[in-house]
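Visitor: First, the structure itself, so that you have it in front of you.
Read the figures in this text as sums done on the coordinates, not as results from a lab. Being a predicted model, the structure only gives us computed values, none of them experimental. For neighbour counting, all protein chains shown are included, and Cβ atoms are generated from backbone atoms with ideal geometry for every residue, glycine included.
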Amino acid sequence: MIFCCECFNDIELKSCIKGLDTKGNCSICNQTDTYIYNTDIDSELVDYFEELISIYTPINLLTSTYPKKDLNLLKDELLNRWNIFNNLNASQIYNIITQICKDKYIDSPDLFDNPIGIAELHDTVYLSEKSLLKTDRWEDFVDSLKKKNRFHTKHINTTILKEFCSYLRKPYKKGMIFYRGRISSYTGYSPDLMGAPCFDSATAGRANAMGIRCLYLSDNIKTVIHEVRAGAFDYVSVGTFELLNDIIVVDLKSIDKISPFIHGLNYIQHAINKEHLKKINTEMAKTLRRSDSPLDYIPTQYISDFIKSIEHHGNIEYSGLEYNSAMNKDGFNLAVFYPELFKCINVEVYEIKDLNYIEKKIK
């Protein structure tokens, strides 16, 4: 079988196929003159997939108490749990995986053709050591922070969180440009008034508790306009901010898309934390209404504060968090822990001429 690098989302697999430096036409997605992998000749992907498949156990070898809801066919697991394939259906995935892992398919057909599960998903000893939320649910973590112990919760495994952050490192080079907006008058604000609020006026946000300064920036002007939630005929001052030093941030918008094939990442540990990682991404990008309680920010504030505290050889490791915009699906935001890292170099004033409301009846 011949397929191509464009059949995959996973950056490690795409890189592996491109590294073979063989071009041709894809029999799966019909791409032409692209980097291809031929299962009759190439074997570079075999170890990747055989190791991933090895974390699964056929239904006949699982305990009788294993929840039926967590049983799936391998092709569906690869489609829904992992961000490996690019717009392929389960049948196409089945064809690819059985061709890549021909020998394993012959030796263990039950793994490919019958329901399977991950035994560790319901192993309390393993979960307590290797799960981000130990044996708890996200809702237990949130409830504990809001109502029981805000600063010293034992519901989250910070060692695991720190490890996953290391796979999300993103460098920003000096001179990079971001934007920040403030609703203003026609005359707008001067550059020195466009930065983060001072300590005594810093309100709670996604990545900061009340009284802690944090500079919230966006990737482009459109995202800024959406994020400030300006009304029709409002004026918005948009500041252009320049990065003054090279920094490293954590790219939280990719937290649930970490490749399982990264060197050193444990497949089982990754599998049991996929849903937790996806929840962090969802919470960071969740739209909060004006009427929502500041308590709704607490889970992401806790995670942000922990990431801010991470050090390497006594030096600060991360200077901020990048996350999806809740208001513009095509944009992203940056929460900067240390506002002095950016300088506002210019301000322009925009008038909001029109709004486009999209309503949805809920009852």
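Visitor: For the chain, give me every cysteine whose Cβ has no other Cys Cβ within less than 4.7 Å, ordered by residue number.
Guide: So, Cys5, Cys7, Cys16, Cys29, Cys101, Cys165, Cys198, Cys214, Cys344.
Visitor: Estimate the FRET efficiency between Ser91 and Asp143 by the formula 1/(1 + (r/R0)^6), using the beta-carbon distance for r and 25 Å for R0, to the nearest 0.05. Intermediate results must be reported in sequence, preceding the final value.
Guide: Working: r = 42 Å, r/R0 = 1.67.
Result of the calculation: an efficiency of 0.05.
Visitor: Let me ask something else. Out of Leu88, Leu168, Leu127, any idea which swings most in a Gaussian network model of the chain, alpha carbons joined below 10 Å?
Guide: Fluctuation is largest for Leu88.
Visitor: Still on this structure, I have one more. Among 59-67, 137-145, how do they line up by average Cβ neighbours within 10 Å per residue, starting with the highest? Walk me through the numbers before you get to the answer.
Guide: On the way: 59-67: 10.9, 137-145: 16.4.
Packing proxy ranking, top to bottom: 137-145, 59-67.
Visitor: Taking 31 Å as the cut-off for C-alpha to C-alpha distance, list the pairs among Lys134/Lys253; Lys134/Lys343; Lys75/Lys130 that go past it.
Guide: On the way: Lys134/Lys253 23 Å; Lys134/Lys343 41 Å; Lys75/Lys130 25 Å.
Cα-Cα > 31 Å for Lys134/Lys343; rest within.
Visitor: Got a sec to turn the phi values of region 36-47 into Karplus ³J(HN,Hα) couplings, 6.51 cos²θ - 1.76 cosθ + 1.60 with θ = phi - 60°, whole Hz, x for Gly and Pro?
Guide: Along region 36-47, the couplings run 10, 10, 10, 5, 7, 10, 8, 9, 4, 8, 4, 4 Hz.
Visitor: While we're looking at this one, here's another question. Place the peptides 297-308, 339-350, 5-16, 193-204 in order of packing, highest mean first, counting for every residue the other Cβ atoms within 10 Å and averaging per peptide. Please list the in-between numbers first.
Guide: Details: 297-308: 21.0, 339-350: 16.5, 5-16: 18.8, 193-204: 14.2.
Answer by packing, highest mean first, reads 297-308, 5-16, 339-350, 193-204.
Visitor: When the chain is modelled as a GNM with alpha-carbon springs shorter than 10 Å, which of Asn281, Asn273, Asn95 fluctuates the most?
Guide: Asn95
Visitor: Among all the aspartates and glutamates, which ones have a C-alpha under 12 Å from Lys14's C-alpha, if same-chain residues fewer than 8 places away are not counted?
Guide: Glu6, Glu44
Visitor: What spacing in nm lies between the two simple spin-label points modelled at Ile262 and Ser201, each 7 Å away from Cα in the Cβ direction?
Guide: Going from the Ile262 label point to the Ser201 one covers 3.9 nm.
Visitor: Count the net charge of all other residues whose Cβ sits under 12 Å from the Cβ of Glu77, scoring Lys and Arg as +1 and Asp and Glu as -1. All intermediate terms of the calculation are to be shown ahead of the outcome.
Guide: On the way: positive: Lys75, Arg81, Lys274; negative: Asp70, Asp76.
Within the 12 Å Cβ shell, the charges total +1.
Visitor: Can I ask one more? Roughly speaking, what is the stretch gain from Glu129 to Asp305, that is 0.36 nm per residue apart minus the C-alpha to C-alpha distance, in nm to one decimal?
Guide: On the way: separation 176, 0.36 × 176 = 63.36 nm, distance 2.20 nm.
Between Glu129 and Asp305, full extension yields 61.2 nm more.
Visitor: Evaluate the distance, in nm, between pseudo-label points positioned 7 Å from the Cα of Ala232 and of His313 along their respective Cα→Cβ axes.
Guide: For the pair Ala232/His313, the computed spacing is 5.9 nm.
Visitor: With the dipole of the chain worked out from charges on the C-beta (+1 for Lys and Arg, -1 for Asp and Glu) around the Cα centre, which of Phe8, Thr187, Gly205 lies farthest toward the positive end?
Guide: Thr187
Visitor: Using Cα springs under 10 Å in a Gaussian network model of the chain, which residue among Thr223, Thr32, Thr124 shows the largest mean-square fluctuation?
Guide: Looking only at Thr223, Thr32, Thr124, the largest GNM fluctuation is found for Thr32.
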